[in-house]
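Reading through the structure tokens given below for one structure.
Where a number appears in this text, it was derived from the coordinates with a stated rule and is not lab data. Keep in mind the model is a prediction, meaning the values are calculated, not measured. Cβ coordinates were reconstructed from backbone atoms using ideal geometry, including for glycine residues, and neighbour counts include every protein chain displayed.
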Amino acid sequence: MERYLRQSLIDWFPQKKVQNCRIAIVGCGAIGNEVAKNLALMGIGSIDLFDFDSIEIHNLTKSVLFREEDVGCMKVEIIAFRLTELNPNISVKPHQGDFWDTLSLLQMNNYSCIIGCVDNFEARIRLNLMCKVAGCNFIDTGIDSKFVQVSIFPYKKNSSASCYECSLPNSVYARMQERYSCGWLRNLAFIEKKIPTTVITSSLAGSLAASQALQLIIEDKLKDSSRLFANSFTGETVISKIEKNNQCPCCADLKKTIVITSKNALIDNVVLNFSDKNQLIETSEPILISMRCVNCNPEHDAKIIFDRAEKFDSSHTVCPRCSFESVVFDIRDRFSVSELKEYFSGRRLQVKFIRVDSIDLTTIIEME
């Protein structure tokens, strides 16, 4: 095509492969803008966008696809519109909402890679887990006012590749836990630290991420996970291999074979085919089983909740009846089949997925 004339002159550039690719971008802020713009101009055939946020005025200093009249609009909708302006020959699909709820594990194999442009560790950890179990290539990005970090995890061709969590220090988990109280209730007192960034670092991260995505499309050889660390002031770039961590919270316990299926989230349906009543089922996020005020109801039955703990916050520790901070919670992420059958029959598992491990197999069941 005449549109790609100059790219067609590059002997190593696989234009047909590029046009047949489908890539997901998770996070449509500053880096997401740059990645999306680069992929669209290269001619990536299909681009899926995932974000839950709306455009604010401060986004305009770093986001090439946003305009002042877009303030208040949803990021995914505006980027999708602008990308089709840049290149009407590509398909762009916006998915509004948290990727944890809108991105299906069973559909992730359709992507050549997923590029994470999120701005917090918790989102990166969740996206990494999804890519790892689904065997989908994952590219993670991060920036501050001076430095750029782009990490590549080639899970599609190398299922044993080290993962994002393999190199995370304990301090990251400690900081994440500050977001919660009483075991995974949102802590209202927590203030998210804002990291200052510039369009220079976001554009550099977007270029490097798009370049690595192109490399994953071109190369068929087995690759290890690696990280690019660039100084936007000096131009210095360091590339390092990410070593496998045998104590990794994400991948150390995953079995060699991973199978993904889906089921209706009704508990009676989920546990129907489990013959072993002692089989342990792990939920993808903690569930608030019940709550009880020890002041008002010291000996009475607790109120059954059975919903994601993250939907509740630290204000729920205060009893609405006696006004004391005396509410206790039962929060868990592991259940036996018999427990689910006996105590929670008729309810739905309000989680992304459940995990069941056997000797040599990890089964992931996504909730419909």
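Here are the numbers:
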| quantity | calculated |
| --- | --- |
| Residue among Val351, Ile114, Ser8 farthest towards the positive dipole end of the chain, charges placed on Cβ | Ser8 |
| Cα gyration tensor shape of segment 42-103, rounded if a/c is under 1.5, else prolate or oblate by comparing a/b with b/c | oblate |
| Tilt relative to the chain, helix 30-42 - C-alpha long axis, 0 to 90 degrees, to 10 | 50 |
| Nearest-ten-degree value, helix 199-218 long axis tilted from longest Cα axis of the chain | 90 |
| Neighbour-count order for Phe329, Phe138, Phe52, fewest beta carbons within 10 angstrom listed first | Phe52, Phe329, Phe138 |
| Charged-residue dipole, Cβ positions (Lys, Arg, Asp, Glu), segment 257-367 about Cα centre, Debye nearest 20 | 280 |
| Local net charge near Lys255, Cβ-Cβ under 15 Å (Lys/Arg +1, Asp/Glu -1) | -1 |
| Neighbour-count order for Val18, Val76, fewest beta carbons within 10 angstrom listed first | Val18, Val76 |
| Counted charge near Gln96, where neighbours are those whose Cβ lies closer than 9 Å (Asp, Glu -1; Lys, Arg +1) | -1 |
| Positive minus negative residues near Leu83 (Lys, Arg vs Asp, Glu; Cβ under 13 Å) | 0 |
| Mean shadow area of segment 257-367, taken as a quarter of the surface of its Cα convex hull (nm²) | 7.6 |
| Between 0 and 90°, nearest 10: helix 121-134 axis offset from the chain longest Cα axis | 80 |
| Lys, Arg +1 and Asp, Glu -1 on Cβ, resulting dipole of segment 2-241 about Cα centre, debye, nearest 20 | 600 |
| Cα gyration tensor shape of segment 174-248, rounded if a/c is under 1.5, else prolate or oblate by comparing a/b with b/c | oblate |
| Cα-based reach from Lys75 at 27 Å (exclusive), listing lysines while leaving out same-chain residues under 8 positions away | Lys37, Lys62, Lys93, Lys132, Lys146, Lys193, Lys194, Lys311, Lys352 |
